[in-house]
Amino acid sequence: MAGPFIGALAMKGASLAVPGPVYFATVGGGLAASLLVILTAVPLLRRMTAPDHARFE
């Protein structure tokens, strides 16, 4: 059902602009920073969730 609507609303003469290298560097840097934050939190989570630290009362 979406096909005819997309065809009717599409801009026929518009060209597609590809982002520049600064965009890809920014996205890559953000991805690397988020991965670094996640990887630094994993040891803390491993220590907090170890079976030795679980309390059973």
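The values are calculated or read from the model by the stated rules, or taken from the named source; none is laboratory data. Model, not experiment: these values are computed from the prediction. Note: areas computed on protein heavy atoms with side chains; ligands, DNA, RNA excluded. Shrake-Rupley method; radii C 1.70, N 1.55, O 1.52, S 1.80 Å.
Given the C-alpha atoms of the chain, compute the convex hull and give its volume per residue in Å³. Provide the component values of the computation, followed by the final result.
Working: hull volume 9.2 nm³, N = 57.
Normalising the Cα hull of the chain by residue number yields 161 Å³.
What is the gain in length, in nm to one decimal, between Leu9 and Asp52 on full extension, counting 0.36 nm per residue of separation less the C-alpha to C-alpha distance?
Once the chain is fully extended between Leu9 and Asp52, it gains 9.5 nm.
When the helix-only estimate is applied to the chain (DSSP H runs of n ≥ 4, each -39,500 (n - 2.57), divided by the residue count), what is the mean residue ellipticity at 222 nm, nearest 500 deg cm²/dmol?
Result for the chain, helices only: -21500 deg cm²/dmol.
Can you tell me the 0 to 90 degree angle between the C-alpha axis of helix 21-48 and the longest principal axis of the chain, rounded to 10?
In the chain, helix 21-48 runs at an angle near 20 degrees to the longest axis.
Whole number in Å², please: accessible area per residue of the chain, 1.4 Å probe, ligands, DNA and RNA not counted.
Numbers: 5570 Å² over 57 residues.
With the other protein chains kept in place, the chain gives 98 Å² per residue.
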